[in-house]
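Trainee: I have a structure I would like to understand better, so I am pasting it below and will then ask my questions one at a time.
Every number in this text was worked out from the coordinates using simple rules, so none of it is lab data. This is a predicted model, so every value here is computed, not measured. Every residue, glycine among them, receives a Cβ derived from its backbone with ideal geometry; neighbour counts consider all protein chains shown.
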Amino acid sequence: MLPFVAIAIALAGGIVVLEVTSYRALERLPSVATEEFPEIDRELLGKFSSFDPELGWVPQPNREKQKDTGDHLPGEEVRSVVTYSTDEYASRVCPAKDRDENADLTVSTYGDSYCFCREVDNDETFQHYLAAELDTHVANYGGGNYGLDQALMRLKRKYPEDPTDHVFMVVTASSIARILSVWKHYQEFGNILAVKPRYVLGDDGLERVESPVDEKADLLDLESKADFLRAYDFHYDHWFEPHFATRPYTTDFLEKGEHLRYAGYTAGKELERRFGRSVPGIDFDRAQTQSALRLEQPRVRYHERLFETHEPLFDALIEEFVDYADDQEFEPVFVMVQQLRYAKYEADHGPIYGDLMERLDDRYDELTTIDMATHLSPDDGDVESLYVERGEGGHYSPETNAEIADVLAEVVEQRAVVE
């Protein structure tokens, strides 16, 4: 009898160890949610310096931050630190040209982190290169993780203070998901501080739903706002719930081979950092990035479906942009750029936004549209070469930003000829 008891205890112990190990591994996976309301401590909240009760978050004026993109091991020389600086307008600085209130030509840009140009220095943004080409300051009002909705809200708040002749709205295709979001955690697991307003389509057109968070301290008790968050965030039912891990966690973890690969690469990176040396012949950082991109493919397909089901809301936001341009008398330009995960998918399947750009061209004579994917096509088909080699996940490289500036400069020059 005793041997059977020992075997049973050993099996039970093994199951517990597997469950704990699987849960810890699932916590690391970007494609799996393990908690609906993760704890937010006051130390983390204190670091959230960009909180804004009206927009959710926004870059602050007169700030300089240095970001280590992670391209080094402990004890090695830090080779990949980038500097982000903002001016008194909370626009990212434009080293190529200072502001000039008497300038004959003025340009501003709004959008997401691809507009802000994360992972490159101030003098490597497309705004910097564009300013050099046009010989005028180019304002950069991009916001990390912004959708078309927040970018439009920021435009309406900032434009009266900083009016320009041309406004470029620069976003990625992920905007289709972001405009349906109130709490980013429901679609980007772990993004727990990002609570935002959004627009919905009502009988009279766009209606703004304000953020449920009025003060930063309210983020400490988001569970008390659960009903609001679940009701107004489309992704709670359609993405979060289907990807929420439940017991037995071992089954969820072992469900996909990619889970095991990602966990293995993550463990390899941690071992390298712990011992301060790399494993010869294995680039764990690159392998983990590639694994993460494969895990992201279902999200890309999900966004592709959203363009089929929620085009009316996206179109209404574009219409609002065009109407605001007409009211304020500036030249509106809508620019679609690509995240790396979209670029790799679309290379084989075509754009996930379908015929959006063609429809906008047909509908608005006064709107210029630019599908940047048609201008950034490497001869060898290697779309990864357009992006920074390492770091947070695939923003455009300085060389690509220079190409983007060429495209945008041509638009401004063509508009000048038409006028």
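Trainee: For region 296-358, what is the convex hull (Cα atoms) projected area averaged across all directions, in square nanometres?
Mentor: Values: hull surface 19.3 nm².
Answer in nm², one decimal: 4.8.
Trainee: Moving to a separate point now. If the viscosity is 0.692 mPa s and the temperature 37 °C, what Stokes-Einstein diffusion coefficient in µm²/s follows for region 2-418 when Rh is the Kirkwood radius over Cα pairs?
Mentor: Rounded to a whole number, D works out at 142 µm²/s.
Trainee: Assuming a strict under-18 Å limit between Cα atoms, what lysine pair count do you get for the chain once near-sequence pairs (fewer than 8 apart, same chain) are dropped?
Mentor: 13
Trainee: Only helical DSSP H runs with n ≥ 4 go in: add -39500 (n - 2.57) per run for the chain, normalise by residue count and round the 222 nm mean residue ellipticity to 500 deg cm²/dmol.
Mentor: -13000 deg cm²/dmol
Trainee: Tell me the Kirkwood hydrodynamic radius of region 163-226 in angstroms, computed as one over the mean inverse distance between distinct C-alpha pairs. Show your work: numbers first, answer last.
Mentor: On the way: mean 1/r = 0.0722 Å⁻¹.
Evaluated over region 163-226, this radius sits at 13.9 Å.
Trainee: Moving on to the next point. How long is region 133-243 along each principal axis, judged by its Cα atoms, biggest number first, in Å?
Mentor: 50, 33, 27 Å, listed from the longest principal axis down.
Trainee: Specify, per residue and in Å³, the volume enclosed by the convex hull of the alpha carbon atoms belonging to region 215-300. Intermediate values should be presented prior to the final figure.
Mentor: Working: hull volume 15.1 nm³, N = 86.
Taking the convex hull of the Cα positions in region 215-300, it is 176 Å³ per residue.
Trainee: Can you give the Kirkwood hydrodynamic radius for region 315-419, in Å, rounded to one decimal and based on Cα pairs?
Mentor: After inverting the pairwise mean of 1/r, the radius is 15.3 Å.
Trainee: Relative to the longest principal axis of the C-alpha atoms of the chain, give the angle of the C-alpha long axis of helix 284-309, reported between 0 and 90° and rounded to the nearest 10°.
Mentor: Between the helix axis and the principal axis of the chain, the angle is about 60 degrees.
Trainee: Mind checking the angle between helix 340-349 and the chain's longest principal axis? C-alpha axes, 0 to 90 degrees, to the nearest 10.
Mentor: 90 degrees
Trainee: Which of the peptides 104-111, 376-383 is most tightly packed, and how do the rest follow, going by the mean number of other Cβ atoms within 10 Å of each residue?
Mentor: 104-111, 376-383
Trainee: Also: Provide the descending list of Cα extents for region 24-64 along its principal axes, expressed in whole angstroms.
Mentor: Principal-axis extents of the Cα atoms in region 24-64, largest first: 40, 22, 20 Å.
Trainee: With springs only between Cα atoms under 10 Å, which of V138, V335, V17 fluctuates most in a Gaussian network model of the chain?
Mentor: Checking each option, the largest mean-square fluctuation is seen for V17.
Trainee: Taking the chain as a Gaussian network, Cα atoms linked when under 10 Å apart, which of D365, D285, D252 shows the biggest mean-square fluctuation?
Mentor: Judging by the Gaussian network model, the answer is D365.
Trainee: Once the Cα atoms of helix 257-275 and of the chain are each reduced to a long axis, what angle between those two axes, in degrees from 0 to 90 to the nearest 10, is obtained?
Mentor: For helix 257-275, the angle is close to 90 degrees.
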